[in-house]
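Structure first, commentary second.
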There are 2 protein chains.
Amino acid sequence: MTNIKKVSELAGVSTATVSRTLKMPDMVTARTKEKVMKAVKEAGYRPSWLATSVKTGRTNTIVVLVPNLINPFFMRIIGGIEQAAQERGFTVLLCDTQGDSKRESDYASMVLTNRADGLIQLDHSFPFNEDDAKLAETIPMVSVCERIHSDKKYPVVALDNYAASRALAHHLVSYGHTKFAVIVGQVVSQIHKDRLYGLRSVLTEENIEFDEDMIVGQSYSIENGIEGMRQLLAKPNRPSAVICFNDDIAIGAMHEIHRQGLSVPDDISVVGFDNVKVSAFMNPPLTTIDQPAYEMGRRGMEILSDVINGVPLTRSSEMLPFQLLERQSSGPAPL
Amino acid sequence: MTNIKKVSELAGVSTATVSRTLKMPDMVTARTKEKVMKAVKEAGYRPSWLATSVKTGRTNTIVVLVPNLINPFFMRIIGGIEQAAQERGFTVLLCDTQGDSKRESDYASMVLTNRADGLIQLDHSFPFNEDDAKLAETIPMVSVCERIHSDKKYPVVALDNYAASRALAHHLVSYGHTKFAVIVGQVVSQIHKDRLYGLRSVLTEENIEFDEDMIVGQSYSIENGIEGMRQLLAKPNRPSAVICFNDDIAIGAMHEIHRQGLSVPDDISVVGFDNVKVSAFMNPPLTTIDQPAYEMGRRGMEILSDVINGVPLTRSSEMLPFQLLERQSSGPAPL
DNA sequence: AGTATTATTGTTATCGATTACAATAATTAC
DNA sequence: GTAATTATTGTAATCGATAACAATAATACT
């Protein structure tokens, strides 16, 4: 190991001088700087990040809790986080929680064990229990992506799922649809409630009846889209418009519709959420809600950085705008 | 901050005893254990990972260099890495390099600065220059995914791209195709050479002429697939079989074919590499090479763990088996 | 019971840096 | 040329743990 002591001996100076040469170069003479730099190069020395962090008490690392790394939508958010992190000198530690609450608290406690300075979660499942809640209060933490339920105390950057859901519903209603169905993802989440509530509110306003039986599904996956669609098509009264709670589900749903020899959108209109990359290149291209994922990630990291640095927050919750992308998977209701 | 000293005072023992209680519980009396645990709970104490790592010289962290986090294929590999890492008590630090060599060496040097114990790269672009090469020799490192060029000194887990490419070519030849085209991804890579060489070898054996003009493309993206297909379709002699060097490219290619009113596979057969999740749910489902991505990640991490722990390697390179998935995007050549 | 042995616990050096403070060297002021 | 001031450098404490070694307490043995 080449440590600072070896370098100091090589350069014939004290360790303090070596440290200063590297961290505050204009505090040393040109002559010593030269000597030290030569020794540094000769020894191939790099200061130990660990040692530095112990001393300074800052790791310049943040943890991101990701429910599912495979999901490209989360990856877009992470792209934004990474960008903002890089600009601020933070390293991002990505943690795939698989929705497992044990893993979540494990990873979250990295902040407590001086492994990271702060935490971003891409849903807000954490904290779950009393212990974690107490833990959570002392941690710099930001939630990105999910609108927050009343009592959470940390800042949130979110999409207005309620409004987005209403936009999709209006879009479909304007095409004359009256027989709606929904394929949902994870049920216990604010996203879920908001989107469902958004749809219901529009249908009520438009005096369209909604059959509770037409809500199926349980996870944000292609397979769930297939299975959900299979269930819907097995029902006596086939829906003409299916709202899927993310694009993966929609992709699965379309696949099943095609498999059964039906057409999108002639027989059934399908819409999704997220604007995943491939959604534009499906056959037909998918109508979906574009979430400003990258931007959400950016803002989340900016806010977390402020929290870590003790900058007071202006507001605790931000809603970013969405956009309805009308493509070819939705069209007029069949007669 | 609640440190070990505070806990030791609270429990009325020495710091050593506290440390031992937590790390080697059967070295202390039941009575002291009780005292210490009470104090730990009362103070909400967690040992600083930083301090522990400085002292022990191990971070139990490994860095993974990922060219592109959005690519779900890499994510599958990472899933395997994470699994094996978890089992061995390692934390995975994911680093998105964006193919940027500066970022690559920055991240790679995390191992030198005691930020991580080892490194896995999902391509083998690193090291690029003399400095990095010297650096690379001292680092526990494994390359996953790409067959390695002769002179690299670290272990590799790879797919046999040559054989896989031959399998695809044979598949298409058996359908009577003679007019081949290729849409490639990143050109400067062993993957690229192996796949192209595999295709050429089959065509030569089968006495099928191959027009060099029919090689287009430059990146592993949907957009590149679209643009590449556009170029191919603009040529006087339209190909009947298009081999795309990953599924994203294939998705883009199919999209462009459909957009121009042609049919897959009636007019043109399209095949890809990777077996990305959505590829099975395209319309039509994509014929592709299934790479054992998860397994590759697993093996890579296993090997790296051995290298870190000083276990001697049995061999320096492993090839994992692939599988040709015949789906509906490939079919008989048109007359 | 008195000694030998083993099991616990405490003291203190250490990991590799940073930094407050002390010491020395270089300027500046007179 | 000497004193006062400032710029550099060195010494040693520190961050929060761990672990070698020493000291003490508890058990075993004759």
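Brief remarks follow.
- Evaluation of residue A:68 against (1) away from DNA strand C (no atom under 13 Å from the Cβ); (2) open to solvent by less than 30 Å² (accessible area, probe 1.4 Å); (3) within 10 Å of chain B (Cβ to nearest Cβ) (one fails), failing number: (2)
- Selection status of residue B:82, farther than 27 Å from residue A:44 by Cβ and in contact with a strand residue (DSSP E or B) (Cβ under 7 Å, 6 or more places away or on another chain): yes
- Any hit, segment A:266-283, residues being within 19 Å of the chain's Cα centre (by Cα) and away from every other protein chain (no Cβ under 14 Å): yes
- Any chance residue B:19 is within 8 Å of DNA strand D (Cβ to nearest atom), under 27 Å from residue B:90 (Cα atoms) and surrounded by 11 or more Cβ atoms within 10 Å (Cβ to Cβ): yes
- Complete set of residues in segment B:288-314 that are part of a loop (DSSP other than H, G, I, E, B) and free of Cβ contacts under 8 Å to residues at least 24 places away in the same chain: B:309, B:310, B:311, B:312, B:314
- Some residue of segment B:259-274 being open to solvent by 50 Å² or more (accessible area, probe 1.4 Å), under 24 Å from residue B:219 (Cβ atoms) and not small (Gly, Ala, Ser): yes
- Looking across segment B:5-54 at every residue that is β-branched (Val, Ile, Thr) and assigned to a loop (DSSP other than H, G, I, E, B), the one that is farthest from residue A:54 (Cα to Cα) is identified as B:29.
- When residues in segment A:87-106 are screened for being open to solvent by 30 Å² or more (accessible area, probe 1.4 Å), within 11 Å of chain B (Cβ to nearest Cβ) and within 21 Å of residue B:59 (Cβ to Cβ), 2 of them pass.
- Residue B:51, sole failed condition from (1) open to solvent by 40 Å² or more (accessible area, probe 1.4 Å); (2) touching a helix residue (DSSP H, G or I) at 6+ places or on another chain (Cβ under 6 Å); (3) under 24 Å from residue A:116 (Cα atoms); (4) more than 7 Å from chain A (Cβ to nearest Cβ): (4)
- Residue that is nearest to residue B:238 (Cα to Cα) [pool: residues in segment B:181-196 that are open to solvent by 10 Å² or more (accessible area, probe 1.4 Å) and hydrophobic (A, V, I, L, M, F, W, C)]: B:196
- When each of B:221, B:330 is tested for being buried (at least 18 other Cβ atoms within 10 Å of the Cβ), modelled with pLDDT of 95 or more and hydroxyl-bearing (Ser, Thr, Tyr), the lone residue that passes is B:330.
- Just one of (1) closer than 27 Å to residue A:104 by Cα; (2) open to solvent by 10 Å² or more (accessible area, probe 1.4 Å); (3) touching a residue at least 12 places away in the same chain (Cβ under 8 Å) fails for residue A:178. It is (1).
The values are calculated or read from the model by the stated rules, or taken from the named source; none is laboratory data. Please read these numbers as outputs of a predicted model, since none were measured by experiment. Cβ atoms come from the backbone with ideal geometry, glycine included; neighbour counts cover every protein chain shown. Accessible surface is based on the protein model in full, side chains and every heavy atom, while ligands, DNA and RNA are left aside. Shrake-Rupley method; radii C 1.70, N 1.55, O 1.52, S 1.80 Å.
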